[in-house]
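Here's the structure, in structure tokens; my notes come after.
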Amino acid sequence: MKITSYGAAGGVTGSKHLLEINGHRVLLDCGMFQGKREEAARKNQTFAFSAGKLDAVVLSHAHIDHSGTLPMLHKNGYRGRIYTTTATHDLCGVMLLDSANIQQRDAEWLAKKQRTFVAPLYDETHVREAMKHFTTYSYADRFEVVPDVFITFQDAGHVLGSAMVVVDYKEDGADRRLIFSGDLGRKNMPLLEDPWIPEDADTVIMESTYGDRDHDPIEAMEGSLAEVVLRTIRRGGKVIIPSFALERAQEVVFALKRLEMNGVIPALPVYVDSPLTVSVTEIFRYHTELFDRETKQVENAAGDPFELENITYIRNVDDSMRLNSLKEPCIIISASGMCEVGRILHHLRNNCEDPRNTILIVGFMAENTLGRRIVERQAEIKIFGVKRQLRAEVAIMNSFSAHAGRSELLEFGARFQGKNKRVLLVHGEEKALKALQSGLRENGVAHAQIMEEKVPVTV
């Protein structure tokens, strides 16, 4: 087998890994590169491989950095199937449409500002065409994607429907196995089952996002959230939470529900102001079979895990704008997670200069984003081109992360020891990749290798 990474090699976004097995070509993930505008345009506009020559595409989960260029496959001649889990299919249906709409708005903004038109990568028509090619399977189902190459999805515990991809194939008469980790989740996180524990594989393509650091303990999550909420309402302020639409928003709402159920916090008004988050939450409600035991217990005792005593889910623009006039303490959860686009910008503009308020950061903020500038507590931040004083409290919680931390990555990778086993590291920045490689070698994994973009590896 030959493996070539065309994205998320030496970086985090744009996951694309091509497997060439006995004359067949199988692509694992087809993600969008996310970064500076010029670099993103260059990397996303074309494929470095022939889409029309692919035999199958397998998708690990719905995050845009793993799924975001699937509609371009059809544009570029691919007519085969896209294999994934049922929940991931459902999520892609709304998330890829949202991506197309964001690109269209971005193109219109650029045309107006720079008087040049940069065409979107794809539109809603391309998304709908791509969705026709999806074929779904449940966890633990084994199915053939090309002759003598079988796929099994196992729960990655990262986001709803996320999967590790187990590839079983024959080569030179011998049975072989490759595992693609996708994005690994964490043990004991709310909502979803813990990640599947693999027993053996010849080759592992493994994510490395947090290969150099661990997260705050999950056990401290709800207590820390309660502290932030209570001290903010004592000041008469609001809690503004920038959040990713998939998983993070649902985790925060579920944590608030448990705190409310247990009488730790009062039944404050909570507003989820993001059309995409509202749609994604509806999909969670359709897939309660994927919830873990603790979530099902809450559901049995108190009903819908995403309904609070005083919660409002907002799609309508006018309803969103009415939040600007609120005076009493409340919690506003809005997208985008890194504060670059979306309704969160309006809430930050209206609330960042009031020292009674808190901006609660619950996710990773990339360099050169407004979210990162807030994390750095810069005295002035620019929103809609206007400088604002950052006087609100900034609280940071990394215990909500849906990615495995260093210790869990080492535990996962250390299972693959032996002179004939290969662990190929992807989906990480240079520091994280090197730290994880070193840690795996110290734990007896002799062949831990950092993948380079467009450099084939034969296993």
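The values are calculated or read from the model by the stated rules, or taken from the named source; none is laboratory data. It should be emphasised that the depicted structure is a prediction, and the values quoted were computed from it without experimental measurement. Because the Cβ atoms are built from the backbone with ideal geometry, glycine has one as well, and the counts that use them run over all protein chains shown.
Annotations
- Scanning segment 276-319 for residues that are crowded, with 19+ Cβ neighbours inside 10 Å, touching a residue at least 40 places away in the same chain (Cβ under 8 Å) and within 19 Å of the chain's Cα centre (by Cα) turns up LEU276, THR277, SER279, VAL280, ILE283, PHE284, LEU290, PHE291.
- Some residue of segment 340-357 being surrounded by 20 or more Cβ atoms within 10 Å (Cβ to Cβ), in a strand (DSSP E or B) and in contact (Cβ under 8 Å) with a residue 12 or more places away in the chain: no
- Restricting segment 60-118 to residues that are part of a loop (DSSP other than H, G, I, E, B) and under 29 Å from LEU192 (Cβ atoms), the residue that is nearest to the chain's Cα centre (by Cα) is HIS63.
- Matching option when the condition is of a type in the set (S, T, N, Q) and in the same structural domain as GLY7 (by TED's automatic domain parsing), among THR232, THR209: THR209
- Members of segment 22-57 that are assigned to a loop (DSSP other than H, G, I, E, B) and of a type in the set (A, V, I, L, M, F, W, C): CYS30, MET32, PHE33, PHE47, ALA48, PHE49, LEU54
- Conditions (1) at pLDDT below 90; (2) over 25 Å from the mean Cα position of the chain (by Cα); (3) of a type in the set (Phe, Trp, Tyr): number failed by PHE416: (1)
- Which listed residue, of SER67, SER60, is of a type in the set (Gly, Ala, Ser), within 20 Å of LYS454 (Cα to Cα) and at pLDDT 95 or above: SER67
- Residue within segment 121-128 that is surrounded by 15 or more Cβ atoms within 10 Å (Cβ to Cβ), aliphatic (A, V, I, L, M) and over 30 Å from GLU289 (Cβ atoms) present: yes
- From the list GLU289, GLU309, GLU294, GLU328, the one residue that fits, being under 16 Å from LYS238 (Cβ atoms) and acidic (Asp, Glu), is GLU328.
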